[in-house]
Amino acid sequence: MAERDLWVGRCHVKARYPEARQWSAVVDEAVLVAVVTASDAATGQALVAQRLEEAGLDLLTFEHVQTLLQRFREQGMSQPLVDLADRTSTASPVAFGEMLPILLEPEAAPAPQEAAPPPAPTYAEIGWDDLFGATQPPLWAVIDGVNCREVMARLAETDVQSACLYASTDADTRAMAPWLVRLEPDSELVSWLKGLPQDQHWGILLQSTATLKQLRTHLRKFTMLWTPANDQAPVYFRFYDPRVALDMSQALAWWKLTALMAPMDSLVMSLSPSMTLPADLEPMPAIGLDAGADEVQGRLLRVTANADTPVGNAPGRQFVIGDKEYRRFGELAQARSRQALARSLAEPYPQSSEDRRRRVAKEAVQLGQRYRLSSTRQIETLARCVMEVGPDFPQRHPEAGQILDNPRTAGWRKRELLAAWLPRGRVRHALMNAEDDAASLDNYRPITDEERS
């Protein structure tokens, strides 16, 4: 008997009849990831097609097929694929991921030449008390188990309405999962959330008249995201991290944002210095780069979509972003990284201004792109070099330039060598500046009689 292996591939399927759709959108085609135990790829495809046929689905294509080990070597470990592999067995060799309907972006209807652009979301700074007025809709929280490890213990002490957004029954997975929770005025949970440091980024708030079941069903559609970076499998989408939520409101196409916010009156998040605020938002008082915890505690940002979900585009179990949105997410994430780097430079360089630290962070990122250094520690080391010996240090200091220019040296090793060089570079830089200053002063020194003769 041939040795069997785990294979993974992307399926494009079509429902033979409406009842066969295993997704909520009214479309016939969907994509999904399948993991199958088989002796070879062809046998695996046959098993996948058989399982789909039994469910009333036709397999149109089975693409990007490779062994699970090959996938992990190329793209790194993926917990969703590990979970699918665990579900396969001799008796049931095929496991399917979530079936995501193929929804085309709405085609623009014929419009006058001067058609108004879609309404942008509205941002307003508020406080906790503004969320519990007599006319306010019910308040919910989505609490992130990653950034708020005590959420399950807290929920166990109360009898509030709550539900995990992940379907997994594994205790470790649920402990790291997002939790949907109903918040009542003056409850212990509200007091607890109010007291959490806002730079902990514990989650987001929602105002909605929907039920717990309706909200959970809706939000689960957005926990996974398809991106242009990988069309073979979705990635986790942490929309419940307030930094990501704010980026999302600025990056998504208007109809996708309104689809995500369809059952909500508004989306609310705690403000922190780590956020990339919209250009037209001016919090009062302003939140500076070095704002302390007490300067932002209790300050919330409310986002309102200002548009209805387009007809025919109510969200299904799919969430896909295009190239433009992906680039915008990347720009906002890079801006947050530069901001965090500039903020971190305050401790080692307390005399440096905010503007200088922002400039140094930008220059360090540019050097990282030039010399293929990308990790947080690598960029931090470049920033220290820029701060102490200038952005042109690779050109002015040959030893540093040789370290960075060597194509055979790995990024982590370049960082180590740069960190070891910096004390020497600091001394050399001071000596060079002293010589430059002396030479500059010499230009204005009176000429002596001896020099005239």
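The values are calculated or read from the model by the stated rules, or taken from the named source; none is laboratory data. The model shown is predicted, which means the values in this text are computed figures rather than measured ones. No Cβ is skipped: glycine too gets one built from the backbone with ideal geometry, and neighbour counts run over all protein chains shown.
Table for the structure above
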quantity: Index of the failed condition, Ala361 passing every other in (1) surrounded by 13 or more Cβ atoms within 10 Å (Cβ to Cβ); (2) farther than 30 Å from Pro273 by Cβ; calculated: (2)
quantity: Some residue of region 19-30 being exposed (fewer than 12 other Cβ atoms within 10 Å of the Cβ) and either of a type outside the set (D, E, K, R) or assigned by TED's automatic domain parsing to the domain that holds Ile321 (or both); calculated: no
quantity: Tabulated pairs, region 259-282, first closer than 22 Å to Ala340 by Cα, second among the hydrophobic types (A, V, I, L, M, F, W, C) and in a loop (DSSP other than H, G, I, E, B), C-beta under 6 angstrom, 6+ apart or interchain; calculated: Pro273/Ile287; Pro273/Ala291
quantity: Hits in region 241-264 (condition: touching an Asp or Glu at 6+ places or on another chain (Cβ under 8 Å) and among the hydrophobic types (A, V, I, L, M, F, W, C)); calculated: Ala251, Leu252, Ala253, Trp255
quantity: Residues of region 35-69 classified as under 23 Å from Lys14 (Cα atoms), hydrophobic (A, V, I, L, M, F, W, C) and assigned to a strand (DSSP E or B), total; calculated: 7
quantity: Test set (1) touching a strand residue (DSSP E or B) at 6+ places or on another chain (Cβ under 6 Å); (2) under 24 Å from Thr173 (Cα atoms); (3) of a type outside the set (Asp, Glu); (4) surrounded by fewer than 21 Cβ atoms within 10 Å (Cβ to Cβ) - Ala245 fails condition number; calculated: (4)
quantity: Of the criteria (1) of a type outside the set (Gly, Ala, Ser); (2) surrounded by fewer than 14 Cβ atoms within 10 Å (Cβ to Cβ); (3) in contact (Cβ under 8 Å) with a residue 24 or more places away in the chain; (4) not assigned by TED's automatic domain parsing to the domain that holds Gln207, which one Asp290 fails; calculated: (4)
quantity: Count of region 255-311 residues which are assigned to a helix (DSSP H, G or I) and of a type in the set (A, V, I, L, M); calculated: 5
quantity: Failed item, numbered, when Phe72 is tested on (1) more than 24 Å from Lys14 (Cβ to Cβ); (2) touching a Phe, Trp or Tyr at 6+ places or on another chain (Cβ under 8 Å); calculated: (2)
quantity: Residue among Ala383, Ala400 that is small (Gly, Ala, Ser) and more than 23 Å from Ala333 (Cα to Cα); calculated: Ala400
quantity: Some residue of region 70-87 being part of a helix (DSSP H, G or I), of a type in the set (Gly, Ala, Ser) and under 28 Å from Ala177 (Cα atoms); calculated: yes
quantity: Criterion violated by Gly76 - all others in (1) on the phi > 0 side of the Ramachandran plot; (2) at pLDDT 90 or above; (3) out of contact with any strand residue (DSSP E or B) (no Cβ under 8 Å at 6 or more places or on another chain) satisfied; calculated: (2)
quantity: Of the criteria (1) within 24 Å of Arg343 (Cα to Cα); (2) under 32 Å from the mean Cα position of the chain (by Cα); (3) modelled with pLDDT of 95 or more, which one Leu417 fails; calculated: (1)
quantity: Region 31-48 - residue that is among the small types (Gly, Ala, Ser) and surrounded by 19 or more Cβ atoms within 10 Å (Cβ to Cβ) and, of those, nearest to Asp83 (Cα to Cα); calculated: Ala34
quantity: Among (1) within 30 Å of Glu98 (Cα to Cα); (2) of a type outside the set (Ser, Thr, Tyr); (3) surrounded by 17 or more Cβ atoms within 10 Å (Cβ to Cβ) - the single one Leu271 does not satisfy; calculated: (1)
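Conditions (1) surrounded by fewer than 15 Cβ atoms within 10 Å (Cβ to Cβ); (2) modelled with pLDDT under 90, marked per residue:
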position	(1), (2)
Met152	no, no
Gln161	no, no
Leu165	no, no
Thr169	yes, yes
Thr173	no, yes
Met176	no, no
Leu180	no, no
Asp186	yes, yes
Ser191	yes, no
